[in-house]
Amino acid sequence: MKEQLLDILNDLRPDVEFEKEKKLIDDGVLDSFDIVSLVSELNSEFDVEINVMDLEPDNFNTVEAMLELIVKMQEEG
């Protein structure tokens, strides 16, 4: 699952070393357009429905946080 996520992120922003970043949102590495694209890809790839309530910086600041969100969404689905 982590490799799939990293593939999506690298397709989105090949210039970023996602595994090293800890504040992707807080530091402005990912902008709002990136997040919209990312959420769409995550919903499709992992068969989840990330909604507006989940669009918090803490859920997208790190690869680990995104993985936790995906797992949570899958369990709720």
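Brief remarks follow.
- Condition met for Glu41 (under 10 Å from the mean Cα position of the chain (by Cα) and not hydroxyl-bearing (Ser, Thr, Tyr)): yes
- Some residue of the stretch 20-39 being in contact with a Pro (Cβ under 8 Å, 6 or more places away or on another chain), farther than 14 Å from Met73 by Cα, of a type in the set (Asp, Glu) and surrounded by 11 or more Cβ atoms within 10 Å (Cβ to Cβ): yes
- Those residues of the stretch 42-54 which are closer than 15 Å to Val71 by Cα and of a type outside the set (Gly, Ala, Ser), in sequence order: Leu42, Asn43, Glu45, Phe46, Asp47, Val48, Glu49, Ile50, Asn51, Asp54
- Matching option when the condition is out of contact with any strand residue (DSSP E or B) (no Cβ under 6 Å at 6 or more places or on another chain) and modelled with pLDDT under 95, among Ser40, Ser32: Ser32
- Taken residue by residue, the stretch 55-65 has no member that is over 12 Å from the mean Cα position of the chain (by Cα) and either crowded, with 16+ Cβ neighbours inside 10 Å or modelled with pLDDT under 95 (or both).
The values are calculated or read from the model by the stated rules, or taken from the named source; none is laboratory data. These numbers come from a predicted model, not from an experiment. Ideal geometry is used to build each Cβ from the backbone, glycine not excepted, and the neighbour counts take in all protein chains shown.
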